[in-house]
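Here is the structure we will look at, set down as structure tokens.
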Amino acid sequence: MNTHVGRCQCGKVRYEAEIDLEKAVIDCNCSICSKQGLMLTFIPAESFTLISGEGNLTEHKFNKERIRHYFCKTCGVESFGKGNGPNGNAMVAINVRTLDNIELSKLIVMPFDGKSL
Ligand SMILES: [Zn+2]
């Protein structure tokens, strides 16, 4: 478990999160993940801190609203989404592509069939 800093492309939205990158990240085939190329890892909401950009986020809800997707109003990048885990706990889905200083090619990627849900 390490503290990572992430940001959207323009840098208005910045966050800090406790993430275990040894854990497989999810490559989901649902409409929004596949079109955006999202690679997600889920962490408890308390492990996530939004540093800046609160007022610069647009929320996009679709489908069954399992995840609330947040986009930067300026650059359009989704750094994270919010939802609830199977036990009802508040979770944050981090788009690991927005983390600073990580080697994407070193991550373990697990395909997830979100399209069929
Ligand atoms: Zn931005």
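Take 37-49, 68-80 and order them by the average number of nearby Cβ atoms within 10 Å per residue, most first; the result is 68-80, 37-49.
Between the C-alpha center of the stretch 70-117 and that of the stretch 18-54 there is a gap of 2 Å. Relative contact order of the stretch 2-112, taken over Cα pairs closer than 8 Å and 6 or more residues apart, is 33 percent. Sorted largest first, the principal axis extents computed over the alpha-carbon atoms of the chain equal 34, 30, 27 Å. Looking at the chain, what % of its DSSP beta bridges pair antiparallel, to the nearest 5? Beta bridges within the chain, antiparallel portion: roughly 90 percent. If only the Cβ of Lys and Arg carry +1 and only the Cβ of Asp and Glu carry -1, the dipole of the chain around its Cα centre is close to 440 debye. Within the accessible area of the stretch 2-112, the carbon and sulfur atoms contribute 48%, probe 1.4 Å, all protein chains present. In this view, the solvent-accessible surface of R97, computed with a 1.4 Å probe and all protein chains in place, comes to about 120 Å². Heavy atoms of the protein chains alone define the surface here; on that basis the chain has 58 Å² accessible area per residue at 1.4 Å probe size.
The values are calculated or read from the model by the stated rules, or taken from the named source; none is laboratory data. Please read all numbers here as calculations on a predicted model, not as lab measurements. Ideal geometry is used to build each Cβ from the backbone, glycine not excepted, and the neighbour counts take in all protein chains shown. Ligands, DNA and RNA are stripped out before the accessible areas are found, and what is left, the full protein with its side chains, is counted by its heavy atoms. Shrake-Rupley method; radii C 1.70, N 1.55, O 1.52, S 1.80 Å.
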